[in-house]
Amino acid sequence: MRLTIDDVRSRFIKHFDGTTGSVYASPGRINLIGEHTDYNNGFVFPGAVTQGMIAEIKPNGTRNVNAYSIDLKDKVTFSLDDPKGPSATWARYIFGVCREMMELGVPVEGFNTAFAGDVPLGAGMSSSAALESTFAFALNDLWGENKIEKMELARVGQRTEHKYVGCNCGIMDQFASVFGKAGSLMRLDCRSGEYAYFPWNPKGYKLVLVNSQVKHALAGSPYNERRLSCERVAAVIAKHHAEVATLRDANYEMLEEVKNEVSEEDYKRARYVIGEVDRVLKVCDALEAGDYETVGQMMYETHYGLSKEYEVSCEELDFLNEVAKEEGVTGSRIMGGGFGGCTINLVADELYNNFVTVVKQKFAEKYGKEPIIIDVVIGDGSRKLC
């Protein structure tokens, strides 16, 4: 069931003063290819989805923010002038966005807000980025007179993750949420910030997410450890090749040169990233040629790398990938940071019904519950609804 403005407005009226405010929305995202490349200054290929976050916001004439999470049935109040902020993790996303917008000179005042989302939590669809983008866009609209440009709004969300939540993420999730465009995927160069829209209307194929319902949390150490591995290898390569600032600048030959100077684990992590940067560009070429078989092949290669080299998969995701392969699915891979969540699958129309039936059946037989099937519709980015 899809989230609506009325779902949020009714709760806003109930929990606050009976009046209404302005309503804003931002989407979650999928990423066709390019995983863990954003913080290595590489390329990514995301698109916004129609699921996301909706928030109603109304200034309250104080310096306090009163926030109600409809999904969690939890209410938190914090002061904009308190440098520590709230302890509840969900509220820290809102607090961090407020503080970062204030750092940019936006004269944020206190407000009441109620919000909800229909992005499956822990599915790798970036519900946190959708939340950050919603509030960054809203505060810019309410108090910034839209003076902060969109890429900076995405960076506000990224800095919130880094400074207030403890996840050293790249820019992809927030970029996709802010810049999304219905019917288009986006290729982003995470070093230069340059991006291009690619029309996404594949004839004869569907994008399908299979949610394992294994929850992941990226704020812990595994995600940050992967990033440190990449930085360590890039630093070693840079001793031999001064032009290498991040792994985006490296190639396999450079990596082989330093194989004995880095740990086996760091070597594997770097090997995955270097290959993934190249795969994104191959997918772009393949899409422009209408070559979906190559797109699918690159997706399977990415899954292998994420599972065996970057080691962010889990048993359930590897199982879903194998079922996809057995059923003739064109492409399948882990989507998102890993450690649970979804696989993203490029499925030929004629195989769709059988794939959905078989993957549900086989997963339930092995793990005791059916995965959730999510048909992907590419939607718009951050916006004001009313």
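Below 8 Å, C-alpha to C-alpha, sequence gap of six or more: please give me the relative contact order for the stretch 205-375 in percent.
33 percent
Can you name the helices of the chain, as whole DSSP H runs, whose Cα span along the helix axis is 20 Å or more and whose Kyte-Doolittle mean is not below 0.5?
127-142
Counting other C-beta atoms within 10 Å, which of GLU56, GLU293, GLU327 has the fewest, and how do the rest follow?
Starting with the residue having the fewest Cβ neighbours, the order is GLU293, GLU327, GLU56.
Over 18 Å apart: what share of the alpha carbon pairs of the stretch 1-101 falls there, rounded to a whole percent?
Value for the stretch 1-101 (Cα pairs over 18 Å): 59 percent.
Under 20 Å from a label point 7 Å along Cα→Cβ of GLU149: give me every residue in the stretch 167-190 with its amide N that close.
171-181, 186-190
Return the FRET efficiency for the residue pair GLN361, ALA235: r is the Cβ-Cβ distance, R0 is 35 Å, and the value is rounded to the nearest 0.05.
0.15
Between SER22 and ALA245, what is the FRET efficiency for a Förster distance of 56 Å, r being their Cβ-Cβ separation, to the nearest 0.05?
Here the calculated transfer efficiency is 0.85.
Once you've got the GNM for the chain with C-alpha springs shorter than 10 Å, pick whichever of LEU72, LEU255, LEU247 has the biggest mean-square fluctuation.
Its mean-square fluctuation being the largest, the pick is LEU72.
At 0.36 nm per residue, minus the direct Cα-Cα distance, what do LYS308 and THR77 gain on full extension? Give it in nm, one decimal, please.
Separation in residues times 0.36 nm, less the Cα-Cα distance, equals 78.7 nm.
Just want to confirm a number: the relative contact order over the stretch 143-262, from Cα pairs under 8 angstrom separated by 6+ residues, in percent.
Dividing the mean separation by the residue count of the stretch 143-262 yields 17 percent.
Give me the aspartates and glutamates in straight-line cross-link reach of LYS163: C-alpha distance below 12 Å, same-chain residues under 8 apart excluded.
Correct list for LYS163: GLU100.
If R0 is 25 Å, what FRET efficiency do you get for LYS259 and ASP291 from their C-beta distance, rounded to 0.05?
It comes to 0.15.
List the relative contact order of the stretch 5-200 as a percent without decimals, with contacts defined as Cα pairs under 8 Å and 6+ residues apart.
Relative CO of the stretch 5-200 lands at 27 percent.
In Å, what is the Rg of the alpha-carbon atoms in the stretch 38-160, and how long is Dmax?
When restricted to Cα atoms, the stretch 38-160 yields Rg and Dmax of 14.2, 44 Å.
Rounded to whole Hz and in sequence order, give me ³J(HN,Hα) for the stretch 16-32 from the Karplus expression 6.51 cos²θ - 1.76 cosθ + 1.60, θ = phi - 60°, writing x for Gly and Pro.
After applying 6.51 cos²θ - 1.76 cosθ + 1.60, I find 10, 9, x, 9, 10, x, 9, 10, 10, 9, 9, x, x, 8, 10, 9, 5 Hz.
If the reach is capped at under 23 angstrom between alpha carbons, list the lysines near LYS268, excluding any in the same chain fewer than eight residues apart.
Answer for LYS268, where 23 Å is the Cα cut-off: LYS239, LYS259, LYS282, LYS308, listed by chain and number.
Give LYS181/LYS384; LYS150/LYS215; LYS215/LYS384; LYS325/LYS366; LYS58/LYS384 a once-over and call out the pairs whose C-alpha atoms are over 20 Å from each other.
Pairs exceeding the cut-off: LYS150/LYS215; LYS215/LYS384.
So what is the calculated 222 nm ellipticity per residue for the chain, using -39500 (n - 2.57) for each DSSP H run with n of 4 or more, over all residues, to the nearest 500 deg cm²/dmol?
Helices in the chain give a 222 nm mean residue ellipticity of -13000 deg cm²/dmol.
If eta is 1.002 mPa s and T is 20 °C, what Stokes-Einstein diffusion coefficient results for the stretch 205-375, Kirkwood Rh from Cα pairs, in µm²/s?
Calculated translational D: 125 µm²/s.
Can you check how the C-alpha radius of gyration of the stretch 157-256 compares to 2.2 N^0.38 Å, as a plain ratio?
Taking N as the residue count of the stretch 157-256, the ratio is 1.36.
Would you kindly work out the equivalent ellipsoid of the chain from its C-alpha gyration tensor and give its semi-axes, the square roots of five times the eigenvalues, largest first in whole Å?
The answer is 35, 26, 19 Å, longest axis first.
Each reported figure results from applying straightforward, stated rules to the coordinates on display, with no laboratory input. All values derive from a computational prediction rather than experimental measurement. Neighbour counts run over all protein chains shown; Cβ positions are idealised from the backbone, glycine included.
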